[in-house]
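The values are calculated or read from the model by the stated rules, or taken from the named source; none is laboratory data. Just so we're clear, the structure is a prediction, and the values are computed from it rather than from any experiment. Heavy atoms of the whole protein, side chains included, go into the accessibility calculation; ligands, DNA and RNA do not. Shrake-Rupley method; radii C 1.70, N 1.55, O 1.52, S 1.80 Å.
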Amino acid sequence: ATDINNKGQVVGSSGTYDTRSGTPEIRSFIWQDGNMTDPVSGGEFTEERAVAINNQGDFVVNNDYVSILWTNGAKKTLEGSHTIVSDINDSGLAVGSSNGYAAVWDNKGKLAESLRGLRLEDVEGAPVDPFDNYLETQAELINNSGDVVVKYWNWASMTDGSFLWKEGEKTYLNI
């Protein structure tokens, strides 16, 4: 299990290993009121992992650099390349990364903004690239106000850390 919402719905993944083919069969699940269902695959994927669910019952799934938003029973593949989704808020905004950079998707699965190229016209004195010198970023968490916690890795200097992205401002969370 990876997440639970206020309705008591739990998401996660469960699997078996096919010893004949050497292939893992990992499926996402939703557990509610003692019932576990696989609402996602229908056999389409062999390694899927539901990672987060919001209070409306919308949830997000990763599978081999393809991420999926399930909302109102409909599957929407998240836009971008090499996507990894981490969290979803009650508005249906999902966060994660696309091609190695922190990203936010809207409730239709469209790339709302890559935080690497975040539109900063309204932030006075903001650099064009707010994550200058950070070679990889991953949006990890989003709350219902739209504040995002971003993890970063600077492979050149071998440093990492996290910051809060709130209203166009970075606040470092490192000690």
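So which strands (runs of 3 or more DSSP E) stay within segment 24-81 end to end and still have 3 or more residues that are open to solvent by 30 Å² or more (accessible area, probe 1.4 Å) and at pLDDT below 90?
Numbers: elements: 35-37, 49-53, 59-63, 66-71, 74-77.
Fully inside segment 24-81 and qualifying: nothing.
Does VAL85 qualify as being open to solvent by less than 60 Å² (accessible area, probe 1.4 Å), β-branched (Val, Ile, Thr), modelled with pLDDT of 95 or more and not in a loop (DSSP other than H, G, I, E, B)? Let's see the steps before the verdict.
On the way: open to solvent by less than 60 Å² (accessible area, probe 1.4 Å): yes; β-branched (Val, Ile, Thr): yes; modelled with pLDDT of 95 or more: yes; not in a loop (DSSP other than H, G, I, E, B): yes.
For VAL85, the condition - open to solvent by less than 60 Å² (accessible area, probe 1.4 Å), β-branched (Val, Ile, Thr), modelled with pLDDT of 95 or more and not in a loop (DSSP other than H, G, I, E, B) - is met.
Quick one: LYS108 ticks every box in (1) at pLDDT below 90; (2) open to solvent by 60 Å² or more (accessible area, probe 1.4 Å); (3) not in a strand (DSSP E or B) except a single one, so which number is it?
Failing condition for LYS108: (1).
In segment 116-175, what count of residues is obtained for those that are at positive phi and at pLDDT 90 or above?
Adding up the residues that qualify gives 1.
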